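Laboratory data are not the source of any read-out in this text; all were calculated from the coordinates shown. Values in this document were obtained by computation on a predicted structure and should not be read as measured data. Here the Cβ is made from the backbone with ideal geometry for all residues, glycine too, and neighbour counts use every protein chain on show.
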Amino acid sequence: MPYTHSFDLSSLSERIMALRPSGIRTLVALAGAPASGKSTLAQQLTRAINAQSPCAALVPMDGFHLDNAILQQRGLLPRKGAPETFDASGFLHLIRRLATEPEVIIPLFDRSRDIAVAGAACIGPEHRILIVEGNYLQFDEHPWSQLPGYWDLSICLDVPLSVLEARLIQRWRDQGLTEAAARKRALGNDIPNARRIIQQALPADLVL
């Protein structure tokens with residue numbers, strides 16, 4: 001597996017633009033543990049590509065969070081963010097459609113309201129490159145493990161657990177939790193999810 005400790009955003013965006021898609025669009029997976037920097041890099045890549053040619057769009061996996069009411073019924077609310085707290089089959093179906101259909105309406109996650117919003121964005125024929133971002137895009141567990149067959153390029157972010165832990169605690173602190181409560185949330189759910197992602201990661205084309 002190719003490995004690099006650092007990367008140049010311009011070179012990476014050019015590499016993506018040079019890809020020959022297997023479907024009607026180029027699908028690039030950007031995977032990694034919580035707080036690994038996926039969202040930031042996905043936004044930077046989308047902007048860098050669009051600065052050269054306005055053809056890219058960002059597709060976050062988080063629009064497939066199960067609603068809190070369903071998680072409560074299933075006893076999974078404290079584990080929100082784990083693989084089983086997403087509509088994995090629905091997300092897989094979306095990726096299949098994005099590879100073959102000119103226009104696809106996608107859901108997005110509203111973090112301020114902690115809820116997924118249906119029909120929140122439109123991927124149209126003008127979007128020839130999609131940066132797909134999420135924790136479980138290279139995850140070796142059914143049905144997530146079917147996703148890599150659709151990627152024209154897969155990128156995984158490799159960040160030490162100690163760094164993830166510090167970032168996750170700060171993320172919860174930024175949302176108003178005390179140090180103790182933030183540490184409990186991070187170590188009780190986020191870090192176990194991160195370990196699971198790292199331990200069950202499928203090989204990627206590029207590791208950053």
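Scattering from the C-alpha atoms of region 79-164 alone, worked out with Debye: what is log10 I(q)/I(0) at q = 0.14, 0.16, 0.24 1/Å? Values returned for q = 0.14, 0.16, 0.24 Å⁻¹ are -0.58, -0.76, -1.43. At q = 0.15 Å⁻¹, what is the base-10 log of I(q)/I(0) for region 16-107 according to the Debye formula with one equal point scatterer per Cα and no solvent? Please give it to two decimals. For region 16-107 at q = 0.15 Å⁻¹, log10 I(q)/I(0) is -0.71. The charge dipole of region 9-207, taken about its Cα centre with unit charges on the Cβ of Lys, Arg, Asp and Glu (plus for the first two, minus for the last two), comes to roughly 340 debye.
Along the chain, counting only GluC sites (Glu not before Pro) with a DSSP assignment other than H, G, I, E or B and at most 12 other Cβ atoms inside a 10 Å radius, the longest segment between sites is 1-102. Per the Debye formula on identical point scatterers at the alpha carbon atoms of region 154-208, with no solvent, log10 I(q)/I(0) at q = 0.12, 0.16, 0.28 Å⁻¹ is -0.32, -0.52, -1.04.
Ordering Thr100, Thr85 by the number of other Cβ atoms within 10 Å of each residue's own Cβ, fewest first, gives Thr100, Thr85. Here is the size of region 9-207 from its Cα atoms: Rg then Dmax, 16.6, 49 Å. Restricting attention to the chain, close to 30% of DSSP beta bridges with both partner residues there are antiparallel. In terms of packing, defined here as the mean over residues of other Cβ atoms within 10 angstrom, the peptides 59-68, 25-34 line up highest first as 25-34, 59-68. When the inverse distances between all different Cα atoms of region 117-159 are averaged and flipped, the Kirkwood radius reads 12.5 angstrom.
Full extension of the chain between Leu77 and Lys184 gives 37.0 nm of extra length, using 0.36 nm per residue less the Cα-Cα distance.
Apply the a/c threshold of 1.5 to the C-alpha gyration tensor of region 99-208 and tell me whether it is rounded, prolate or oblate. Verdict is oblate for region 99-208. Projecting the Cα positions of Ala69, Leu58, Gln44 onto the charge dipole of the chain (unit charges on Cβ atoms of Lys, Arg, Asp and Glu, taken about the Cα centre) puts Ala69 furthest along the positive direction.
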